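Down below is the structure, laid out as structure tokens.
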Amino acid sequence: MTKSELIQRLAEQSPHLYLRDVEKIVETVFEEITAALSRGDRVELRGFGAFSVKHRDARTGRNPRTGESVQVEAKSLPFFKTGKALRESLNEKKSDDYAAQSDSAGSDDGGSSYF
Amino acid sequence: MDNQTVTRADLAEAVYEQVGLSRNESTDLVEAILDEISNTLVKGENVKLSSFGSFSIREKGERIGRNPKTGVEVPIKPRKVIVFRASHVLKDRVNSKSVAAPAENTSFGGFSDDEL
């Protein structure tokens, strides 16, 4: 699913909204998360997950091909940790209907979220 | 400077301010976005959000773990995990502390304790 597909699906769920409003909502949410991370803040979305920033100190790295030493600058990296509820729903199918997977495979392509 | 935590309520507030929906509807839409992403991932489909990042599923094989306290070996069942890869745009924004984001123009005066 791409961002425009996400917008499309949300628009189908909210027929009273203009597509451009849905677009703006999606942009606003991800812009807000990005802005928070660039301030060094953490974004905690219970059940879904948390975005945070991890700091990496400067180090002397090595070019694996040439063996040359390279100075790697300190940097910050965005990081996502999956929330408990999402992690569990990701794995519950597999554990209790592992055997039923073959018969669900044919039927789940018209997933409920399309409606 | 103490870092803060942004929550659903803050995202809903931003939607409320910038899009002009009611507060309730803003909250619902934030939830709908997260639900849609979650459901897509649970179905096994990857989610790619341009200029933000992508979420993909990685299947982990079974391995033998060990309870660090008791030293007892326990099998860890095969499972799925979500991997988030930040886009370059996001990585750059996280690193460019000196460049203010387009949406927030005032918050970087060095140590902005005056923000509150």
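The values are calculated or read from the model by the stated rules, or taken from the named source; none is laboratory data. Predicted model only: the values in this text are computed from it and were never measured. So basically every Cβ, Gly included, is an ideal-geometry build from the backbone, and we count neighbours across all protein chains shown. The area values use the complete protein model at the heavy-atom level, side chains included, leaving out ligands, DNA and RNA. Shrake-Rupley method; radii C 1.70, N 1.55, O 1.52, S 1.80 Å.
In region B:14-28, what residues are under 15 Å from A:Glu32 (Cβ atoms) and surrounded by fewer than 19 Cβ atoms within 10 Å (Cβ to Cβ)? Result: B:Glu17, B:Gln18, B:Thr27. Of B:Ser26, B:Ser22, B:Ser38, all but one fail to be touching a residue at least 12 places away in the same chain (Cβ under 8 Å) and touching a Phe, Trp or Tyr at 6+ places or on another chain (Cβ under 9 Å); the exception is B:Ser26.
Count of region A:34-59 residues, restricted to those that are at the interface with chain B (Cβ under 7 Å from one of its Cβ atoms) and of a type outside the set (Ser, Thr, Tyr), is 12. When B:Val72 is tested against the conditions (1) closer than 25 Å to A:Ala35 by Cα; (2) at pLDDT below 95; (3) β-branched (Val, Ile, Thr), the lone failure is (1).
Picking from residues in region B:38-67 that are more than 7 Å from chain A (Cβ to nearest Cβ) and under 18 Å from A:Gly47 (Cβ atoms), the one that is most open to solvent (accessible area, probe 1.4 Å) is B:Ile57. Going by what's in this entry, would A:Phe51 be described as assigned to a strand (DSSP E or B) and either aliphatic (A, V, I, L, M) or farther than 24 Å from B:Tyr16 by Cβ (or both)? The answer is no for A:Phe51.
Applying a threshold of 9 Å to beta carbon distances and a minimum spacing of six or more residues, or different chains, the list of pairs starting in region B:73-100 at a residue that is among the β-branched types (Val, Ile, Thr) and ending at one that is modelled with pLDDT under 90 and open to solvent by 60 Å² or more (accessible area, probe 1.4 Å) reads B:Val99/B:Phe108. Restricted to region B:1-13, and to residues there that are in a helix (DSSP H, G or I) and in contact with a strand residue (DSSP E or B) (Cβ under 9 Å, 6 or more places away or on another chain), the residue that is surrounded by the most Cβ atoms within 10 Å (Cβ to Cβ) is B:Leu11.
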